[in-house]
Each structure stands twice: as structure tokens, then as C-alpha cells.
1. Go through the residues of region B:12-20 one by one and say whether even a single one is in contact with a Cys (Cβ under 7 Å, 6 or more places away or on another chain), under 21 Å from A:ARG124 (Cβ atoms), buried (at least 20 other Cβ atoms within 10 Å of the Cβ) and not β-branched (Val, Ile, Thr).
2. Confirm whether A:PRO188 is crowded, with 20+ Cβ neighbours inside 10 Å and not basic (Lys, Arg).
3. Mind checking whether some residue in region A:56-75 is in contact (Cβ under 8 Å) with a residue 60 or more places away in the chain, in contact with a Ser or Thr (Cβ under 7 Å, 6 or more places away or on another chain), more than 14 Å from every other protein chain (Cβ to nearest Cβ) and within 30 Å of A:GLY142 (Cα to Cα)?
4. Quick test of your reading of the structure: A:LYS150 fulfils all but one of (1) among the charged types (D, E, K, R); (2) within 14 Å of chain B (Cβ to nearest Cβ); (3) closer than 22 Å to A:SER207 by Cα. Name the failing condition by number.
5. What are the residues in region A:67-126 that are in contact with a strand residue (DSSP E or B) (Cβ under 6 Å, 6 or more places away or on another chain) and aromatic (Phe, Trp, Tyr), if any?
6. Name every residue in region A:93-115 that is within 13 Å of chain B (Cβ to nearest Cβ) and either under 21 Å from A:ALA215 (Cα atoms) or buried (at least 17 other Cβ atoms within 10 Å of the Cβ) (or both), in order of residue number.
7. Could you list all residues from region A:132-145 that are outside any helix (DSSP H, G or I) and either among the β-branched types (Val, Ile, Thr) or touching a Pro at 6+ places or on another chain (Cβ under 7 Å) (or both)?
8. Scan A:VAL129, A:VAL171, A:VAL175, A:VAL164 and give me the residue that is assigned to a strand (DSSP E or B) and either of a type in the set (Lys, Arg) or within 14 Å of chain B (Cβ to nearest Cβ) (or both).
Amino acid sequence: MTGASRGVGRAVALALAARGHLVAVGYRSGGAEAQETLDLIDRVGGTGVAVEGDVGLGEDVDGIFTAVEATFGPVEILVNNAGVIRDGLALQLSEADWSQVLRTNLDGPFLCARRALRGMLRRRWGRIVNVGSVAGVLGSAGQVNYASAKAGLLGMSRSLAREVASRNITVNTVVPGPIRTEILSELPTERVRELSRMSPMNRMGTSDEVAEAVAFLISDSSGFITGATLPVDGGMSMGGSSATTPAS
Amino acid sequence: MNRDDIFKATVEACSEILGVSEDTVTHDAVLRDDLDADSLDLAELAMALEDRIGVSVPEQDFKQVATVSDTLDLLEQHLAAARS
């Protein structure tokens, strides 16, 4: 589970731990927060370990997986959640901010999936769930880098799903709309309000609501679901990229 | 590790990954046709052989392989290069 030290990632880690999965809590910068996630996992009676690394770097990814395999054995389930935002209008967006977001949010899931698939293929079973964003479906002004990475993630998920379906490995994407997490605190208040209004439910989602969707996609109940996109957005995207009308 | 050892490892890996009986894995067997391997099977086979034989082979090189004998040639070549 990458990006599991806080927010949606933490909620997913807890949901999986509560279901009896051994959870590796991946983090890049939030060591203390990752420890908090571990404490919470402990509290729900689960077992976890924190693993530090940058998912955008191939050598780090290898190190992360090697550490997890040494502690828990083969990785059977991968949840790609690690992400960053570096918002700005395209005209003013620096190349560095473009690249960093693409590297963490798109290279990262690819590198982790590629590494995880080696073991999954051997065992003829695996679950990969990518955490996307409604920004990748609808577009998002001021987030051309983030939206591009998240849109790319959908294509990546579907392609991977086709490549490994015959081996009983599923690859799906959960696509949250605006969720109340730390990442949103970096957006202007006005934008947050606007995002809430874009959902027919006229509210933001919770991390737990995303976690439950992820938990479903890795459960045995979802064995025939692959290459799918599961929106958790209060009806914001309704499966398409057509223009949405803000709730009045 | 000599050619016979590599052949033995290849037979075992083919049997395990492709689900074919070991006696069908002959030197002349064409991986895609005779052993019914698809692209993903070949990628898995390459990984398994790298693990068993302990040599790293670029993916591009494996793509050129058609028969079991080609596979042995390639692995032998890389083993020799690794030793020198």
C-alpha cells in the first residue's frame, strides 16, 4: 500500500488490516504519520510494517518490495495510492512541477505494478488497485499535471488488466471525487467549495468511503472485475467526461 | 553450468510455466507453436530462467528466441559473457 501514512491511504490500510491482511505502509516523507498509521492498525487488531521509499524511483521501489517480502512474504495485493500535487495554470507551470507529479503519480504506480507482477504471475493470483482521481476523468483547471497523471493511470490500469487477466490478476482503478484529506487543504477554499457543489450529493467524500471501494476490489467478491473504473465521487463524473453541472 | 544443465533448467521451467510435459520440451520445439506459449508466458519463462541460471538477459534478446535451442544459445552466450 503506497502513500499509506495519511488520508485515503491510511483509511485503506486500516480497512485492509481490519480484514486480516498484513499491511505494508508505504511512505516517502511522513515517518511519524506512518507510525501513527501502524498504531491505528495495531488498534484494529491488524499487523503492519512501515516501509520508506520514493515510488517514482525504480531502485527505491525494488527496495520497498524487497523489504516487504522479507517481512511478510510475497506481495499479493498492491494498492497504488501515493500521490503529490503541484498545482498551477499550465501557462505558469514549471517543467519541474510537471515532471514531479507525473513521476510520483504515474511512473510510481507503473514501477510498483511491474515489480509486484513478478510475484503475482508466479502465484497466478494478484490484485492491483490504483487510486485515481475524478480530475483524470473530467479535467481540472490548474491541475494539468495531476489530471494528466490520473488520466494516464486509467490507461495504464486497463492495459495491465488486459496483459495479466489470464493469470487471475485483476487491475482496477478507484476514482475518488473530492475527499476530505490533507491534499485538499492545499487548495484554495473557494475551489474546495466549488468541488463540493459539482457533486450531485453536494458534499465531499470521506476516506473511509474510498477505502471500502478499494477493499471490495481486492476481495474475493470482485474476482471477475478487471480493467474497471469505480467512481467514488457522489455522482460527480457519472462514468463520463461530459460537462457536469454544479448542484444548484 | 554447462549446456546440459541449462537444458535441464529450461525443461523444468517450461514444464512449470507452460504446463507442458517435460518430454515435449525438445531442442527443436518452437516455444510459441509447439509449446503454445503466449507473450506473457515467454516473459515469465525469461524471468524464471534468469532466476534458475543466475544470469541477467535483456528482454529484447529474449524476444528473438523461437525454439528451445535458441533459448539455450542465448543463455549460454550470456553466461559466458558474465564469466569473462
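1. no
2. No.
3. no
4. A:LYS150 satisfies every listed condition except (2).
5. Answer for region A:67-126, where residues must be in contact with a strand residue (DSSP E or B) (Cβ under 6 Å, 6 or more places away or on another chain) and aromatic (Phe, Trp, Tyr): just A:PHE72.
6. Once the filter is applied, which keeps residues that are within 13 Å of chain B (Cβ to nearest Cβ) and either under 21 Å from A:ALA215 (Cα atoms) or buried (at least 17 other Cβ atoms within 10 Å of the Cβ) (or both), region A:93-115 yields only A:ARG115.
7. A:SER133, A:VAL134
8. A:VAL171
Read-outs throughout are calculated quantities, based only on the coordinates presented, and are distinct from any laboratory measurement. Predicted model, so just to flag it, every value in this text is computed and none were measured. Here Cβ is always computed from backbone atoms with ideal geometry, including for glycine, and neighbour counts include all displayed protein chains.
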